[in-house]
Each structure stands twice: as structure tokens, then as C-alpha cells.
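For reference, the structure discussed in these notes is given below.
The values are calculated or read from the model by the stated rules, or taken from the named source; none is laboratory data. Quantities reported herein were computed from a predicted structural model and do not represent experimental measurements. Reconstructed Cβ throughout: ideal geometry from the backbone, glycine too, with neighbour counts over all protein chains shown.
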Amino acid sequence: MKIIEDLKWRYATKKYDTTKSISDKDFETIKEAIQLAPTSYGLQLFKVLEIDAADVKQKLVPASWGQEQANTTSKYLVFCVPKQVTAEMIDEYVEIKAQVNDKDPELFAGYADFMKMKVLALSNEDAVNWMNKQVYIALGVALSAAASLRIDSTPMEGFEADKYATILDLKQKGLTAAVVLALGYRSSEDITQHDKKARRLIKDLFIQV
Ligand SMILES: Cc1cc2nc3c(=O)[nH]c(=O)nc-3n(C[C@H](O)[C@H](O)[C@H](O)COP(=O)(O)O)c2cc1C
């Protein structure tokens, strides 16, 4: 039942306590949870930008529909995906897989070719959509991990990707912003923490076939 307690405890935090910071240890745990999230084929094609610079954080607020999280949270993570998938990205992953299993990468050549056939056939737009889906799995894992550590969070789609691209120099990095995760500690003044969870009934969410 711990997972249910955690999920009931968390809420999309609107106002953070700016005097509190996440410990390095807890942040490392959340990063490891993101690292361990499953991805299609295991490729892990996303990058997570950790925004630390105060002037950059300041600029992100108006690009986030005026939401203050960029400027008030202890950690502000921008999940990004590459604008284009390359064969090298797939080879890189195969190298890792071979290395951790102490195997010759050649043994995975068939798997690599299969992934290349499937993934490189996608248009850049379809590839970005496909990678975005996997980012959301990592986001979900991170939200649960944060809740289990009693760290507050806000998943955020409320931002303008083109403005983020300019502020964070994403074009030069070959990335596009997918979703944001703000992490910190709730302010006692955040009234939304008292809202009851509004959720559809389980019987209406599940259909027995
Ligand atoms: C992908 C995604 C994007 C979201 N974007 C925002 C956002 O930009 N700002 C915000 O305050 N909440 C955002 N939310 C939070 C949702 O509004 C919230 O999770 C939902 O209303 C359920 O409430 P709860 O999370 O507090 O239980 C987002 C949630 C998800 C999953």
C-alpha cells in the first residue's frame, strides 16, 4: 500500500518553499529512477537538462505561461529528445549492452539492424513523437520516486517549446523540449495541497473484455 499512500500524498504543486532544497542524495535517487525507466528497445534517446543558472530560470518563467516553478523550485528538469535519430545512437546503445553483458557487440548486430530498420524508417516528426512517449514513462517513474521520498513535484506541459529552444539553445544541441519536471518542497501557502483528488471511478476507467 506504500505506493498508494505515496500517490495520494503527491499533487501537482503550484507554490514552492524557496528556502528548502533537495539533498544531493535524494536528487541522485530521482536521477537513478529516471535512468532505470524502461524505454523502447532500451535505447534511452532522451536527455534531461538540469537548469541551474538563475538568469536562465528567470527567463523560463514567461516562456512557461507565467508559471513560477522555474524560478522557485530546487530542481528544474527539462526532458528533451533529439530532433533526429541516427544509426550512431543505436550503435552506441549496442556497445553499452555488449559491454555490460561482457559480450562481443557483433553478437547484437542483428538486433542493431532490426532497430535501425524500424527506427530510421520513421519521419523525424514520428520519431520525436515516439521518443516523447518514452519521456513520459520516465516522467511517471520520476514522479513516483519523488513522492516516495516526500519530495514535491510538478509535471509541466505548460510551456512554449519554441521559446525554450531559444533560451536553452536547443537547436545547437539538436534537441527539442518534451516536458518539464519541477522538484522541491511545497509552500505552506499552496492552497491546492488541500484539494481532494478528483479522479474517475476505477469501474469507469477499466473495461472488462
Ligand atoms: C503531462 C502533464 C502536464 C502537466 N502540465 C502542468 C502544468 O503545466 N502546470 C501545472 O500546474 N500542472 C500541470 N500538470 C498537472 C495536472 O494538472 C495534474 O496532475 C492533474 O490535474 C491531477 O492533479 P494532481 O496531480 O494534483 O493529483 C500536468 C500534468 C501532466 C501529467
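Observations on the model:
- Any hit, segment 31-47, residues being at pLDDT 95 or above, among the polar types (S, T, N, Q), within 16 Å of the ligand (Cβ to nearest atom) and within 21 Å of Y136 (Cβ to Cβ): no
- Subset of segment 57-73 (residues that are buried (at least 16 other Cβ atoms within 10 Å of the Cβ) and either more than 19 Å from T13 (Cβ to Cβ) or among the β-branched types (V, I, T) (or both)): K59, V61, A63, T72, T73
- Within segment 62-90, considering residues that are over 21 Å from D169 (Cβ atoms) and assigned to a helix (DSSP H, G or I), the one nearest to the ligand (Cβ to nearest atom): T72
- Evaluated against (1) at positive phi; (2) without any contact (Cβ under 8 Å) to a residue 60 or more places away in the chain, W65 falls short on exactly one condition, (2).
- Scan of segment 138-162 for residues that are touching a Pro at 6+ places or on another chain (Cβ under 8 Å) and surrounded by fewer than 18 Cβ atoms within 10 Å (Cβ to Cβ), ordered by number: none
- Condition met for K20 (away from the ligand (no atom under 16 Å from the Cβ), out of contact with any His (no Cβ under 6 Å at 6 or more places or on another chain), part of a loop (DSSP other than H, G, I, E, B) and over 27 Å from D169 (Cα atoms)): yes
- Residues within segment 147-157 that are on the phi < 0 side of the Ramachandran plot and more than 12 Å from the ligand (Cβ to nearest atom), tallied: 3
- Tabulated pairs, segment 4-32, first under 13 Å from Q69 (Cα atoms), second β-branched (V, I, T) and part of a loop (DSSP other than H, G, I, E, B), C-beta under 8 angstrom, 6+ apart or interchain: Y16/T73
- Top-ranked residue of segment 39-56 - restricted to ones that are outside any strand (DSSP E or B) and acidic (D, E), ranked as surrounded by the fewest Cβ atoms within 10 Å (Cβ to Cβ): D55
- Some residue of segment 193-207 being out of contact with any Phe, Trp or Tyr (no Cβ under 6 Å at 6 or more places or on another chain), within 13 Å of the ligand (Cβ to nearest atom) and small (G, A, S): yes
- Flag for V135 being touching a residue at least 24 places away in the same chain (Cβ under 8 Å), more than 25 Å from T29 (Cβ to Cβ) and surrounded by 19 or more Cβ atoms within 10 Å (Cβ to Cβ): no
- At least 3 residues being in contact with a strand residue (DSSP E or B) (Cβ under 6 Å, 6 or more places away or on another chain) is the threshold, and among the helices (runs of 4 or more DSSP H) wholly inside segment 91-202 those reaching it are 124-148.
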